[in-house]
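The values are calculated or read from the model by the stated rules, or taken from the named source; none is laboratory data. Keep in mind the model is a prediction, meaning the values are calculated, not measured. Glycine also receives a Cβ, built like all others from the backbone with ideal geometry; neighbour counts cover every protein chain displayed.
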Protein chains: 2
Amino acid sequence: MVKLYNMDKISLSMLNLNIITLKLEGLEETIIYHLIERVQFKKNLIVYKPGKSGFQGYSSKSLLDIRLLFQEQMDAQFGRYCVPEERPFNKKLPALRRKVNLPQYPLALKNFNEINLTSKIKKRYHKLMQDICQAGDDGQYGSSVENDIYALQAISRRIHYGAMFVAESKFRSNTEFYRSLINGADYQALKKALTRQKVEEEIISRVKDKVTYAQAKVNPKIRVLIDPEKIITYYRNTIIPLTKEGEIIYLMKRQQV
Amino acid sequence: MVKLYNMDKISLSMLNLNIITLKLEGLEETIIYHLIERVQFKKNLIVYKPGKSGFQGYSSKSLLDIRLLFQEQMDAQFGRYCVPEERPFNKKLPALRRKVNLPQYPLALKNFNEINLTSKIKKRYHKLMQDICQAGDDGQYGSSVENDIYALQAISRRIHYGAMFVAESKFRSNTEFYRSLINGADYQALKKALTRQKVEEEIISRVKDKVTYAQAKVNPKIRVLIDPEKIITYYRNTIIPLTKEGEIIYLMKRQQV
């Protein structure tokens, strides 16, 4: 664990709420682009069905789960999971194979994986696909799961980054208040304290604009468009609440130092 | 090799030049999105230098080349390279591990890999990064190469798709004419015959619009923007000429049936 009250300037700047908010804003494009790429393929629901992959040696998993495992086995060796907000969907991944230079993260966790919402993220993602992809099966299973994984990783990064850094930042700005809610395990009060209605509305409005503009010059005869309303519903019902849920888990697991 | 003159309707529609042009147009967003994602990181030129990866067991390759090898080893098992326009940057990749349902491709090649421009694509890509990324090193090597690979795959797909399908389509629409140029190995005349100036100008103008609009709602304080002029220069000097070069190679290697 990092020594929280003995940190350098760079590490402490990671807890500036304005900087965190800007970073969260910058991750919106990544999520939007990957979802736009995914909807170019049909629902292809078979890729999410266990035992239907036809992939040798993995008879019980879905094609998405097999690809996600292979992707994460690769990513782990390259160091993705050394970064707090990059949480794996799988367990028992191979060891890191390169030297990575990491900043001193200003988080009070023994193990970043104490905050891991990937199982919920994946479940909600399946619903999102039902909602935004065109019905049917176009046989493009490889491309579908490839884009699923990029989108899932981008969504997960956004949720975990928000959960960890926003929570730590808010905790530090009002330590005694949060400590009393944590000690009382008062989840409702924590949720209320962590909610910034105005910021949430700004996110929704900005995401709507971004989805609209990103598709403004797209030819609808050859590209499938996403209705911006569906993405903001997903932000409202999934990304924002799961981030907040992660913040509460973070605060409850936060190491007292 | 496929029996070219005994194909079903679906396969023959793949040679409709209007359909090919629309598909090429649809690949533009994919390239643009991935380049936008890559420029969020600095040049990080060390990731392109052989022997500087710090990755165990691969002392002589660059970090990009190691990641590209791992990515393609994974992709090969999932079937990416069964598709004509998906050409690997590496040789000796593992065998396919799942059953893929492929259409009967209307191409007159013994082996799709006879058209493989990946080495040129990679070389030109390094120049593009010099041109569009911000100078410096932000230490984000893993994210840089990850986005490099998505961009390289999207660019390669566009070039190989154009090379193979446009060339076969044009050949069929004017068989005797092309046969005489092929038999005379008249590269200049082939290049001239394959050039559609008006179509090229339409591509350039459309790509410029797309890069502009994709970034219209981006906050320049937190996201790095790409100058649309740089992307259209890349289209003009690399994507379009390499596609044409691929078309000529295709015609010269085309199986006479």
Item to check | Flag for B:Ser119 being at pLDDT 95 or above, among the small types (Gly, Ala, Ser) and crowded, with 22+ Cβ neighbours inside 10 Å | outcome: no
Checklist entry - Among all residue pairs at least 6 apart or on different chains, which show Cβ distances below 6 Å where the first residue, located in the stretch B:29-57, is closer than 18 Å to A:Val100 by Cβ and the second is among the basic types (Lys, Arg) and in a loop (DSSP other than H, G, I, E, B)? => result B:Ile46/B:Lys52; B:Gly54/A:Lys99; B:Phe55/A:Arg97; B:Gln56/A:Arg97
Item to check | Residue identified as farther than 30 Å from B:Gln77 by Cβ, under 16 Å from the mean Cα position of the chain (by Cα) and aromatic (Phe, Trp, Tyr) among A:Tyr178, A:Tyr161 | outcome: A:Tyr161
Checklist entry - What tally of residues in the stretch A:96-113 results from selecting those that are in contact with a helix residue (DSSP H, G or I) (Cβ under 6 Å, 6 or more places away or on another chain) and surrounded by 15 or more Cβ atoms within 10 Å (Cβ to Cβ)? => result 4
Item to check | Residue ID - surrounded by the most Cβ atoms within 10 Å (Cβ to Cβ), chosen from residues in the stretch B:82-93 that are more than 10 Å from chain A (Cβ to nearest Cβ) and not hydrophobic (A, V, I, L, M, F, W, C) | outcome: B:Arg87
Item to check | Residue among A:Lys230, A:Lys217 that is charged (D, E, K, R) and at pLDDT 95 or above | outcome: A:Lys230
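How many residues does the stretch A:186-205 hold that are within 14 Å of chain B (Cβ to nearest Cβ) and under 18 Å from the mean Cα position of the chain (by Cα)?
Total satisfying the criteria: 2.
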Item to check | Qualifying residue in the stretch A:131-140 (condition: closer than 30 Å to B:Lys99 by Cβ, in contact with a helix residue (DSSP H, G or I) (Cβ under 6 Å, 6 or more places away or on another chain) and within 14 Å of another protein chain (Cβ to nearest Cβ)) | outcome: no
Next on the checklist: I'd like to check which helices (runs of 4 or more DSSP H) are fully inside the stretch B:4-79 and have at least 1 residues that are within 12 Å of another protein chain (Cβ to nearest Cβ) and at pLDDT below 95.
Outcome noted: B:9-13, B:17-38
Checklist entry - Just wondering, is there one or more residues in the stretch B:228-235 that are within 14 Å of another protein chain (Cβ to nearest Cβ), surrounded by fewer than 20 Cβ atoms within 10 Å (Cβ to Cβ) and in contact with a Ser or Thr (Cβ under 7 Å, 6 or more places away or on another chain)? => result yes
Item to check | Condition check for A:Gln215: farther than 17 Å from A:Glu25 by Cα, surrounded by 14 or more Cβ atoms within 10 Å (Cβ to Cβ) and within 14 Å of chain B (Cβ to nearest Cβ) | outcome: yes
Checklist entry - Are any residues in the stretch A:94-112 among the aliphatic types (A, V, I, L, M) and either free of Cβ contacts under 8 Å to residues at least 40 places away in the same chain or facing chain B (nearest Cβ under 10 Å) (or both), and if so, which ones? => result A:Ala95, A:Leu96, A:Val100, A:Leu102
Next on the checklist: On the basis of being at pLDDT below 95, among the charged types (D, E, K, R) and assigned to a loop (DSSP other than H, G, I, E, B), does B:Lys91 make the cut?
Outcome noted: no
